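Novice: This is the structure I have questions about; it appears just below.
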Amino acid sequence: MKDKQSLPDAQPKLAGISRRNFLKTLTGTAAGIGISQVFNPALIQALEKGLERHPVLWIQGQGCTGCSVSLLNSVDPSIADVLLKVISLQFHPTVSECEGETAMNHVYEVANEYKGRFSLVIEGAIPVAADGKYCILGEIGHREITMVDMVQELAPMAGSVLAVGTCAAFGGIPAAKGNVTGATGVRDFFKSKDITTPVVNIPGCPPHPDWIVGSIVHLLNAGIPELDYDGRPTLFFGENIHDNCPHLDDYDAAFMAATLSDPKGCRMDLGCKGPDTYADCYQRKWNSGLNWCVNNAVCIGCVEAGFPDAMSPFYEPAY
């Protein structure tokens, strides 16, 4: 966590970041989609001039911290440059140096000072049962602050909200069958509390770091991106995986893989949920573009609202 002198009151700079490399990375975010769909001339111009550092508060509810870990794997620019030089990350419970009541007070100080001008990133589901006691984020004085409290208090003050990961977007694994915590996603929680702050869902278990970084950059420079019916940016979640799968010809020829180790053959008989899944994993790939789920196993539909229950069992055919 940084002191107030680090807040965005100085001239915006990208010191220490090669603009060429930064633009290259952001352009790579649009691979296979078309650069013009993501980075119009006005946005490119804004990036070349330098990004104004935008205050961000990142809070975590019910989850495994995997979404943060995925973002920390952003390669070029490094995540340190993204978090410390592109945006002004004012709080993140995993990477912040400060904790306890001091950290909690700082969160509310930033929210009040930059009311309407900061972004709230929510990772993890929001448990509403037992008055939110299943997830307590901290204390101020002798008042316990639950995830329900913090979202309800901070979200109306934010200019925008990003629900990062399937747990935050739709409830995800914490909301799966058998849960007793009343776990819910951000949009459903907002509806129940009449909160009208715009929400961008960036699902995935975990989401690709490009989806997170690309959505943040688009939000800061061109506003909220076009969203689909589930509140996801169509830039990243607008194409069906099955329709773009490298094994599509095998499917059309009714040539099915018998085992996960088969190098060829459609994997639908092994449980692939690609026909029900919309994301650009097939071309963006993971681990710096080296691989993706269908190369090793099957698509489990982790970016969809019904995950995991609607996609289970993962390794049995759904058709």
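The numbers here are math on the coordinates, done by the rules we state, and not lab data. Bear in mind that the values here come from a model prediction, so they are computed numbers and not experimental data. Backbone-built Cβ (ideal geometry, glycine too); neighbour counts: all protein chains shown.
Novice: Using the Karplus equation 6.51 cos²θ - 1.76 cosθ + 1.60 (θ = phi - 60°), what ³J(HN,Hα) coupling, rounded to whole Hz, does each residue of segment 209-216 give in order, writing x for Gly and Pro?
Specialist: x, 4, 5, 6, 4, x, 5, 5
Novice: Of the listed peptides 261-268, 67-74, 55-62, what is their order by residue-averaged count of other C-beta atoms within 10 Å, with the highest listed first?
Specialist: In descending order of packing, they fall as 55-62, 67-74, 261-268.
Novice: Could you give the nm distance between label points at Asp269 and Val180, where each point is 7 Å from its Cα heading toward the beta carbon?
Specialist: Going from the Asp269 label point to the Val180 one covers 4.3 nm.
Novice: Something else about it: Distance between Cα centroids, segment 238-298 to segment 212-233: provide it in whole Å.
Specialist: Using only Cα atoms to place each centre, the spacing works out to 26 Å.
Novice: Output the peptides 155-168, 137-150 sorted from most to least packed, where packing is the average of other Cβ atoms within 10 Å over each peptide's residues.
Specialist: Ranked from most to least packed, the peptides come out as 155-168, 137-150.
Novice: State the extension gain, in nm to one decimal, for the chain segment bounded by Glu153 and Ala130, taking 0.36 nm per residue of separation less the distance between their alpha-carbons.
Specialist: Full extension from Glu153 to Ala130 adds 6.5 nm.
Novice: While we're here: I need the peptides 211-219, 91-99 ranked by packing, meaning the mean over residues of other C-beta atoms within 10 angstrom, with the highest value on top.
Specialist: Descending mean neighbour count gives 211-219, 91-99.
Novice: What pairs in Lys133/Lys191; Lys133/Lys177; Lys191/Lys285; Lys133/Lys193 have C-alpha atoms more than 25 Å from each other?
Specialist: Lys191/Lys285
Novice: How much length, in nm to one decimal, is gained on full extension between Asn105 and Leu227, taken as 0.36 nm per residue of separation minus their Cα-Cα distance?
Specialist: Taking 0.36 nm per residue and subtracting the Cα distance, the gain is 40.6 nm.
Novice: Can you tell me the length gained on complete extension of the stretch Gln283 to Thr94, counting 0.36 nm per residue apart and subtracting the Cα distance?
Specialist: Result for the pair: 65.0 nm of gain on full extension.
Novice: Moving on to the next point. I'd like the antiparallel share, as a percent to the nearest 5, of DSSP beta bridges with both residues in segment 92-166.
Specialist: 45
Novice: While we're looking at this one, here's another question. In segment 129-256, what percentage of the DSSP-assigned beta bridges are antiparallel, given to the nearest 5?
Specialist: 55
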